[in-house]
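One structure is given here, and the rest of the page talks about it.
Bear in mind these aren't lab numbers, they're just calculated from the coordinates by the rules spelled out. Quantities reported herein were computed from a predicted structural model and do not represent experimental measurements. Counting neighbours? That spans all protein chains shown, and the Cβs are built from the backbone with ideal geometry, glycine included.
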Ligand code: IDP
Ligand code: MG
């Protein structure tokens, strides 16, 4: 069965002109784009989105970074979408990301790491709901 995952091409990917190349890799890897939006996160949205990290020392920097410029958010569909997408993006720290992964190719640092990918089916739905309506997410 196909399921969905949620991604954001983070502000560094937009400002560096990498969104076309990253979207191309996602499509070449077999993901179908269900919904896509070019937008900018509010401080409230970013804080809620990353609320699990609110006690971490890097939380303030993370919110500034994620709200500092536009992003591209998308809902993606594929068999085994969540796990396969985490493989495609690579480790959180680009220095540890496998060769050829999106973070290996396009990320500069553990904080500005090019792209987000959901870590579970449940979170994929919760995260998609931040930016998309139900009828956009399930097509
Ligand atoms: P993930 O994006 O690979 O799922 P998480 O641990 O969920 O990684 O962290 C969310 C985001 O917070 C990361 O993508 C990165 O932007 C930032 N982050 C995580 N760990 C660090 C850190 O140690 N220093 C600075 N930023 C971090
Ligand atoms: Mg995470």
Would the stretch 9-76 count as rounded, prolate or oblate if I go by the C-alpha gyration tensor, calling it rounded below 1.5 in a/c and otherwise prolate when a/b exceeds b/c, oblate otherwise? prolate
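Once a ≥ b ≥ c are taken as the square roots of the eigenvalues of the Cα gyration tensor of the stretch 5-139, is the result rounded (a/c under 1.5), prolate (a/b larger than b/c) or oblate (a/b not larger than b/c)?
On the way: a/c = 1.41, a/b = 1.07, b/c = 1.32.
Cα axes put the stretch 5-139 in the rounded bin.
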Label point distance in nm, residue 120-residue 134, each placed 7 Å from Cα along Cα→Cβ: 2.1 nm
When the chain is treated as a Gaussian network with springs between alpha carbons less than 10 Å apart, the largest mean-square fluctuation among 39, 101, 67 is found at 39
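Given axes a ≥ b ≥ c from the Cα gyration tensor, I'd like to know whether the stretch 66-139 is rounded (a/c under 1.5), prolate (a/b larger than b/c) or oblate.
Working: a/c = 2.50, a/b = 1.48, b/c = 1.69.
It comes out oblate by the Cα gyration axes.
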Structure-based [θ]222 nm, the chain - -39500 (n - 2.57) summed over DSSP H runs of at least 4, per residue, nearest 500: -11000 deg cm²/dmol
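Defining a contact as two alpha carbons under 8 Å apart and six or more residues distant in sequence, what relative contact order in percent does the chain show?
Values: 242 pairs, mean separation 53.0, N = 139.
Answer for the chain is 38 percent.
How large is Rg/Rh for the stretch 85-128, to two decimals, with Cα atoms and a Kirkwood Rh? It would help to have the intermediate numbers written out before the result.
Values: Rg = 10.7 Å, Rh = 10.6 Å.
When Rh is taken as the Kirkwood radius, the ratio is 1.01.
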